[in-house]
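J.: One structure is given below, represented as structure tokens, and several questions about it will come after.
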Amino acid sequence: MATIFREILVDADVDATWAALCDVGAIHQRLARGFVVDTTLDGDHRTVTFAGGVVVRERLIGRDDARRRLAYAVVDDPAVRHHASFQVFPGDLGGSRIVWITDVAPDPAAPMFAGMIDTGAAAIRRTLAASR
């Protein structure tokens, strides 16, 4: 299983960043505009539509408000195992630092996920900075 680790520095307050991140049904509006174009909720699952047309169903695994951590997994692709988490920390110089960790198998799928994560990280940075 491959692990993809990204830190995203955001020019936004920690509480505002956490609020946007855990509004799991509105990530297309509050967290990653342009990268995610739609999100729908169904209990502890969400369906996420990406700008390129990819649609995935995710299960929300855990939310820890005290640690500002959210975990989820893709559940609709039996050929790929995927689990990810976000955690929000105060930035060293202000703003927020988001740690995004994704585990994916098989290993050859990792570069495709890494590319999507990098595109998503840029969208998160832009969206949260614009929401200030």
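J.: So which residues in segment 33-88 are assigned to a strand (DSSP E or B) and aromatic (Phe, Trp, Tyr)?
T.: Phe50, Tyr72, Phe86
J.: Moving on. Sort through Gly34, Gly43 and tell me the only one that's surrounded by 12 or more Cβ atoms within 10 Å (Cβ to Cβ) and at positive phi.
T.: Selected residue: Gly34, the only one of Gly34, Gly43 that is surrounded by 12 or more Cβ atoms within 10 Å (Cβ to Cβ) and at positive phi.
J.: To continue, here is another question. In the set Val14, Val80, Val54, which member is more than 13 Å from the chain's Cα centre (by Cα), modelled with pLDDT under 95 and surrounded by 13 or more Cβ atoms within 10 Å (Cβ to Cβ)?
T.: Of the residues listed, the single one that is more than 13 Å from the chain's Cα centre (by Cα), modelled with pLDDT under 95 and surrounded by 13 or more Cβ atoms within 10 Å (Cβ to Cβ) is Val80.
J.: State which residue pairs qualify: first residue within 13 Å of Cys22 (Cβ to Cβ) and inside segment 38-49, second residue surrounded by 14 or more Cβ atoms within 10 Å (Cβ to Cβ) and of a type in the set (Ser, Thr, Tyr) in any location, beta carbons under 8 Å apart, and separation of 6 or more residues or different chains.
T.: Thr39/Thr47; Thr39/Thr49; Arg46/Thr39; Arg46/Tyr72
J.: Looking at Asp118 and the list (1) in a helix (DSSP H, G or I); (2) at pLDDT 95 or above; (3) surrounded by 15 or more Cβ atoms within 10 Å (Cβ to Cβ), which single condition is not satisfied?
T.: Checking Asp118 against (1) in a helix (DSSP H, G or I); (2) at pLDDT 95 or above; (3) surrounded by 15 or more Cβ atoms within 10 Å (Cβ to Cβ), the one that fails is (3).
J.: Only one of Asp13, Asp77 is within 27 Å of Asp107 (Cα to Cα) and touching a strand residue (DSSP E or B) at 6+ places or on another chain (Cβ under 8 Å). Can you tell me which?
T.: Only one candidate qualifies: Asp77.
Quick grid of which residues meet (1) closer than 27 Å to Ala129 by Cβ; (2) among the polar types (S, T, N, Q); (3) in contact with a His (Cβ under 6 Å, 6 or more places away or on another chain):
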position	(1), (2), (3)
Glu7	yes, no, no
Val14	yes, no, no
Leu21	yes, no, no
His45	no, no, no
Val54	yes, no, no
Ala73	no, no, yes
Pro90	yes, no, no
Ile101	yes, no, no
Ala109	no, no, no
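J.: Just checking, does segment 77-85 include any residue being hydrophobic (A, V, I, L, M, F, W, C), under 19 Å from Ala122 (Cβ atoms) and out of contact with any Gly (no Cβ under 7 Å at 6 or more places or on another chain)?
T.: Yes - at least one qualifying residue is present in segment 77-85.
The values are calculated or read from the model by the stated rules, or taken from the named source; none is laboratory data. Fair warning: this is a prediction, and the values are worked out from it, not measured in the lab. As a convention, Cβ positions derive from the backbone with ideal geometry for all residues, glycine included, and neighbour counts pool all protein chains shown.
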